Amino acid sequence: MATRIRLQRHGRKGRPIFTIVVADSRSKRDGKNIENLGQYNPNTNPATITLNFDRTLEWVMKGAIPSDTARAILKYKGVMMKKHLLKGVLKGALTEEQAEERYEKWMTDKAARIDKNIDSINSSESKKRSEILKAESIVKEKRAAQIIAKNTPSPEASDEENASVDQTQDLATETKAEKTTPEASAEEATPEASAEEAAPEASTEEVAPEASTNEAAPEANAEETTSEASAKEAAPEASTEEVAPEASTEEAAPEASTEE
């Protein structure tokens, strides 16, 4: 039976967690396994790996074939390096002390590289975080400046607002004046109406004196006519009287002629 060291998927969608297992190559990916060797969490940076080093080395020495991802994990943890040195010991190329010394040196160098990588990752993350905070502060300052500019109107805008306020005040006063003018016109109309009512009375009073003068005028005319008539009557009488002496003189003249 061919055994493989591979990963079984667990976790939730978008955030998987893998279990390092030894399983039959004919079984399904998430099917029955022979033994759990550790866990691999790729959601962190760097990835978190927990591994049972001794049991994994034993399975590798027995001939278990790791998958590509499992091989990369075993190299990272030094299992494959340990296997290589142990095969050298079995062949007689190295002693166990030399193999152990080389392994310790390799592990110290590997740990230094891992620490350096972690420091670079942390520094880059802190740099990114500082850049993000700086960008956010710039955005906040811009927003604050925009709010201040919006709340503090410009002189032109203030002049326009004052002009609009003045216009509204003028319109209000005009409307008030328009409302008051009908009342004033009504009040003026009532005195005019009273004056017109008084005017006919005065005209009637004026007409009454005129009528009295007209009545007095015919009376005066009548008196004048009576006086003229009396004068005319007196005038004929005077003429007759004047004629009478003449007649008497004429009568006297014949008499005188007879006497002669």
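Select from region 43-59 the residues that are at pLDDT 90 or above and of a type outside the set (Phe, Trp, Tyr) and list them in ascending order.
Those that are at pLDDT 90 or above and of a type outside the set (Phe, Trp, Tyr): Asn43, Thr48, Ile49, Thr50, Leu51, Asn52, Asp54, Arg55, Thr56, Leu57, Glu58.
Inspect all residues belonging to region 86-106 and state whether any of them is β-branched (Val, Ile, Thr), part of a helix (DSSP H, G or I) and within 18 Å of Pro46 (Cα to Cα). Talk me through it step by step, then tell me what you get.
Just the residues of region 86-106 that are β-branched (Val, Ile, Thr), to begin with: 89, 95.
Then drop every residue that is not part of a helix (DSSP H, G or I), which leaves 89.
Imposing the further condition that a residue be within 18 Å of Pro46 (Cα to Cα) reduces the set to none.
No: zero hits.
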Can you name the residue in region 9-47 that is touching a helix residue (DSSP H, G or I) at 6+ places or on another chain (Cβ under 7 Å) and among the β-branched types (Val, Ile, Thr) and, of all such residues, is farthest from Lys77 (Cα to Cα)?
Val22
Checking Thr108 against (1) among the hydroxyl-bearing types (Ser, Thr, Tyr); (2) at pLDDT below 90; (3) not assigned by TED's automatic domain parsing to the domain that holds Arg9, only one condition comes out false. Which one?
(2)
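Filtering region 140-165 down to residues that are exposed (fewer than 10 other Cβ atoms within 10 Å of the Cβ) and either among the small types (Gly, Ala, Ser) or not in a helix (DSSP H, G or I) (or both), which residue is modelled with the lowest pLDDT?
To start, the set of residues in region 140-165 that are exposed (fewer than 10 other Cβ atoms within 10 Å of the Cβ) comprises 148, 150-152, 154-156.
Going one step further and asking which of them are either among the small types (Gly, Ala, Ser) or not in a helix (DSSP H, G or I) (or both), we end up with 152, 154.
Working: Thr152: 80, Ser154: 65.
This residue is Ser154.
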Complete set of residues in region 54-81 that are free of Cβ contacts under 8 Å to residues at least 60 places away in the same chain and hydroxyl-bearing (Ser, Thr, Tyr):
Thr56, Tyr76
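Being outside any strand (DSSP E or B) and under 60 Å from the mean Cα position of the chain (by Cα) is the filter here, so list the residues in region 14-42 that pass it. Outline the logic, then answer.
First, the residues of region 14-42 that are outside any strand (DSSP E or B): 14, 25-34, 42.
Passing the criteria: Gly14, Arg29, Asp30, Pro42.
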Need the failing condition index for Glu100 against (1) touching a residue at least 24 places away in the same chain (Cβ under 8 Å); (2) of a type in the set (Asp, Glu); (3) in the same structural domain as Ser123 (by TED's automatic domain parsing), just the number.
(1)
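The values are calculated or read from the model by the stated rules, or taken from the named source; none is laboratory data. Computed from a predicted model, the values in this text were never measured in an experiment. Positions of Cβ are backbone-derived with ideal geometry, glycine not excepted, and every protein chain shown enters the neighbour counts.
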